[in-house]
Amino acid sequence: MNHRFDRWRASYASDPAQSRGRYYVEAHSPTRSEFQRDRDRIIHSTAFRRLKHKTQVFVFHEGDHFRTRLTHTIEVAQIARSITRALGLDEDLAEALALSHDLGHTPFGHTGEDILNECLLPFGGFDHNAQALRIVTRLERRYPDFDGLNLTWETREGLVKHNGPLLDQAGNPLPKYQKSGVPSDILIEDAQTPLELASFAGPEAQVAALADDIAYNTHDIDDGLRAGMFSLIELAKIPFVSDILMEIKERWPNLEETRIIHELIRRLITRFVEGVIHESHLRLAAFKGLAVEAIRAAPHPVIAFSPALVTADKDIKAFLLANMYRNPTVMRVRAQAEAVMRDLYLSLNADQSLLPDDWQMRLKGAGEREKAYHIADYIAGMTDRFALEEHRRLFDVTPDLR
C-alpha cells in the first residue's frame with residue numbers, strides 16, 4: 001500500500017510516493033514518507049555522528065566557536081529546507097541530501113582527501129562523494145538483512161550527482177573525472193541501479209548543492225573574521241559584501257564589531273537564499289505542470305544563482321582562498337595533517353596486523369586494490385582526534401596540529 005504525505009508541492013517536486021524504490025525491498029512506514037526514513041537513517045548512522053569531530057577548516061581543538069563538519073552540515077540542511085519550502089519541493093529529500101553530503105569526508109578536511117587520493121591513485125584515486133556512496137551502500141553495518149542504509153534511489157542519485165552530471169551525453173567522463181575516470185564505486189552502483197550519470201539530479205539535490213556553497217562561504221567568512229585572519233576592512237573589498245556593510249553602518253553607526261559580523265553573516269545568507277529562490281522560480285516556470293523527470297532531462301540546472309550572485313560567489317571564494325585557506329597558520333597545520341594521513345596509510349598498508357581485529361578479518365583473500373580501499377575506508381572513517389591517537393600509537397612523534 002502506498003502512503004501519501006501530501007502537502008502543497010509543485011508538479012516537478014520529487015514525490016516520495018513515486019520513489020523508484022530501495023535496492024532491498026522493505027515494507028512502507030505507516031508514519032513516515034520514504035524520504036523521511038532516509039533522513040532519519042542518515043542522522044542515526046555512525047558516519048553522521050563522527051562529523052562532530054571532523055575538520056571544516058580549523059582542526060577540532062582550535063576552539064569551540066569554529067565550525068566542524070557536523071555544524072556545517074546542520075547549517076546546510078537549514079538553508080536547503082528554507083529554499084525547498086519556498087519552491088514547493090520536497091523538504092525531506094533536500095534535508096536528507098544536505099545531511100549526507102559530507103559523510104565521505106576524511107579527517108582534516110580536504111587535506112585528508114587529497115592525501116588518500118594521492119595514495120590510491122594507482123587504483124583510481126579517492127573521491128569523497130564516492131566514499132559517501134560507499135558508506136550508505138556498504139560500510140554502515142546496522143541492519144540484519146543488508147549492509148548500508150538501503151536508501152531510496154532518489155537519495156543515492158542526489159548524493160552522487162548533486163554537483164551535476166558525471167558523464168557527457170556520449171558517455172565520456174566530464175573534466176573532473178577525465179584523468180582518473182568516474183570512481184568505481186559509483187560505476188558499480190550505476191550498473192546495479194542506473195543513476196543516469198549523464199543527466200542532472202532532481203531539484204532537491206540541486207538545492208542541497210547551492211545550500212552547501214552558501215553555508216560554506218558565509219560561515220567561513222564568520223570563522224575567518226573571528227579568528228583574526230582578515231578584517232572587515234579587507235572583506236569590504238568585495239563589492240557584494242561592501243554594500244551590506246554600508247547598510248549596517250548607516251542603520252547602526254556605533255554597533256560593536258561582534259554584532260556587525262553577526263548581522264553581516266545573516267544578511268549574506270538571506271541575500272543568497274532569496275536570490276536562489278527568485279532565480280529558480282524564473283527557471284522553473286518553464287516546467288510548470290511537468291514531472292521531476294523533465295528537470296533531470298534539462299540541459300542546465302534549474303536551481304541556480306542569479307548572475308549577480310554568481311559574481312558574488314566567485315569573489316567570496318577568491319577572497320577566502322587568498323586570505324583564509326592559504327593563511328600561513330592554516331597551511332602549516334595542513335602540512336602537518338598531510339604527514340599524519342600519509343604516515344597512517346603507508347604504515348597500515350605495509351602491515352595489516354596494525355588494523356583492529358575485525359578490520360583484519362575482512363581482508364582475508366583481498367587483492368591489492370581491495371586492500372588499498374579497505375585501509376582507506378578505515379582511515380577515512382576516523383575523526384581528527386582518533387587519527388592523531390592512532391598516529392601516536394604507531395609513531396614516536398606526532399605533530400600538535402597548531
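The values are calculated or read from the model by the stated rules, or taken from the named source; none is laboratory data. This structure is a prediction, so every number in the text was calculated from the model and none was measured. Methodologically, a virtual Cβ is constructed for each residue, glycine included, from the backbone with ideal geometry; neighbour enumeration extends over all protein chains shown. Heavy atoms of the whole protein, side chains included, go into the accessibility calculation; ligands, DNA and RNA do not. Shrake-Rupley method; radii C 1.70, N 1.55, O 1.52, S 1.80 Å.
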Given the C-alpha centroids of region 326-370 and region 106-163, what is the distance between them in whole angstrom?
17
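Packing-wise, with mean Cβ within 10 Å as the measure, how do 150-163, 29-42, 234-247 rank, highest first? Provide the component values of the computation, followed by the final result.
Working: 150-163: 24.5, 29-42: 20.1, 234-247: 15.3.
Packing order, densest peptide first, comes out as 150-163, 29-42, 234-247.
Hey, can you list the DSSP H helices of the chain whose Cα span along the axis is 30 Å or longer and whose average Kyte-Doolittle score is at least -1.0?
Values: long enough: 203-226 (34 Å, -0.41); 257-284 (40 Å, 0.01); 328-350 (33 Å, 0.13).
Qualifying helices: 203-226, 257-284, 328-350.
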For ALA10, residues with placed amide H under 5 Å, excluding near neighbours
LEU89
Pull out a ≥ b ≥ c, the square roots of the eigenvalues of the alpha-carbon gyration tensor of region 175-287, then state rounded if a/c is under 1.5, prolate if not and a/b is larger than b/c, and oblate in the remaining case.
prolate
With n ≥ 4 as the cut-off for DSSP H runs, can you work out [θ] at 222 nm for the chain, using -39500 (n - 2.57) per run divided by the number of residues, rounded to the nearest 500?
-17000 deg cm²/dmol
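Report the gain in length on full extension from ILE233 to ALA198: 0.36 nm times residue separation, minus Cα-Cα distance, nm rounded to one decimal. Display every interim value, and only then the final one.
Numbers: separation 35, 0.36 × 35 = 12.60 nm, distance 4.41 nm.
Net length gain for the segment: 8.2 nm.
Checking the a/c ratio against 1.5 first, then a/b against b/c, what shape does the Cα gyration tensor give for region 230-367? Could the numbers behind the result be given before it?
Values: a/c = 3.29, a/b = 1.40, b/c = 2.35.
Oblate, because a/c is 1.5 or more while a/b does not exceed b/c.
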With the crude spin-label approximation of a point 7 Å out along Cα→Cβ, what separation in nm comes out for THR329 versus ALA191?
4.9
Listed values [x] 25.6, 89; [y] 20.7, 60; [z] 21.8, 70, entry calculated as Rg and Dmax of the Cα atoms in Å:
[z]
What FRET efficiency, computed as 1/(1 + (r/R0)^6) with R0 = 41 Å and r the Cβ-Cβ distance, is obtained for ALA339 and HIS281, rounded to the nearest 0.05?
0.25
What shape does region 17-146 have by the C-alpha gyration tensor, where a ≥ b ≥ c are the square roots of the eigenvalues, rounded means a/c under 1.5, and otherwise prolate means a/b greater than b/c and oblate the rest?
oblate
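Arrange the peptides 389-395, 274-280, 173-179 so that the one whose residues have, on average, the most other Cβ atoms within 10 Å appears first.
On the way: 389-395: 14.4, 274-280: 19.4, 173-179: 12.0.
With the highest mean Cβ count within 10 Å placed first, the list reads 274-280, 389-395, 173-179.
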Cross-link reach list, lysines versus LYS314, counting only Cα pairs under 28 Å and skipping chain neighbours closer than eight places:
LYS54, LYS161, LYS176, LYS179, LYS237, LYS249
Under 19 Å from a label point 7 Å along Cα→Cβ of LEU290: give me every residue in region 68-106 with its amide N that close.
87-90
Starting with the highest mean, order 380-386, 134-140, 94-100 by the number of other Cβ atoms within 10 Å, averaged over the residues of each peptide.
94-100, 134-140, 380-386
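To the nearest 0.05, what FRET efficiency results for GLU389 and LYS176 with a Förster distance of 25 Å applied to their C-beta separation? Intermediate results must be reported in sequence, preceding the final value.
Values: r = 34 Å, r/R0 = 1.35.
So the FRET efficiency works out to roughly 0.15.
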Surface share of carbon and sulfur [accessible, 1.4 angstrom probe, percent] for the chain
53
Mind giving me the nanometre distance, one decimal, between the label points for ASP357 and ASN254, set 7 Å out from Cα along Cα→Cβ?
6.9
